[in-house]
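Q: Structure provided below as structure tokens; questions to follow.
The values are calculated or read from the model by the stated rules, or taken from the named source; none is laboratory data. Model, not experiment: these values are computed from the prediction. Here the Cβ positions follow ideal geometry from the backbone for every residue, glycine too, while neighbour counts run over all protein chains shown. These area figures cover heavy atoms from the full protein model, side chains too; ligands, DNA and RNA do not enter into them. Shrake-Rupley method; radii C 1.70, N 1.55, O 1.52, S 1.80 Å.
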Amino acid sequence: QLKPIKDLKQAISINDKIMFIKEIFANDVDKYNATLTDINSCQNLDEALEILEQKLVINSENPVMQQMLELIYRRYM
């Protein structure tokens, strides 16, 4: 079983960070950092997903987005 994540920024490897910024955040590092900071400070998963939906177009068919969502789920499990 996967372990819960306390801090998304620390849990994301440098390679995944680069991939997320490129594929999900259209190379916008500031948007990536701001989004993760906001999601990290949420009280629960619903709040985190709501912020994600406000900031991004969520394409759950995209494997990179699936990977990011999995990390967010683990943050709030």
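Q: Give a residue-ordered list of calculated ³J(HN,Hα) values for the range 53-66 (Karplus: 6.51 cos²θ - 1.76 cosθ + 1.60, θ = phi - 60°; whole Hz; x for Gly, Pro).
A: 5, 5, 8, 9, 8, 8, 9, 6, 7, 6, x, 5, 5, 4
Q: Just reorder 64, 57, 29 by solvent-accessible area, largest first, 1.4 Å probe, all chains present.
A: 57, 29, 64
Q: Then there's this: State the percentage of accessible surface on the chain attributable to carbon and sulfur atoms; use a 1.4 Å probe and exclude ligands, DNA and RNA.
A: Carbon with sulfur: 47 percent of the solvent-accessible area.
Q: Something else: For residue 17, which aspartates and glutamates qualify as cross-link partners when the Cα separation must be under 20 Å and same-chain residues fewer than eight apart are set aside?
A: 7, 28, 30, 38, 53, 61, 70
Q: If you place +1 on the Cβ of every Lys and Arg, -1 on the Cβ of every Asp and Glu, and leave all else neutral, what size is the dipole of the chain about its Cα centre, to the nearest 20 Debye?
A: 340
Q: If you average 1/r across every pair of different Cα atoms in the chain and take the reciprocal, what Kirkwood value do you get, in Å?
A: One decimal place: 12.4 Å for the Kirkwood radius.
Q: If you roll a 1.4 Å probe over the heavy atoms of the protein chains, what accessible area per residue do you get for the chain, in Å²?
A: Accessible area per residue: 65 Å².
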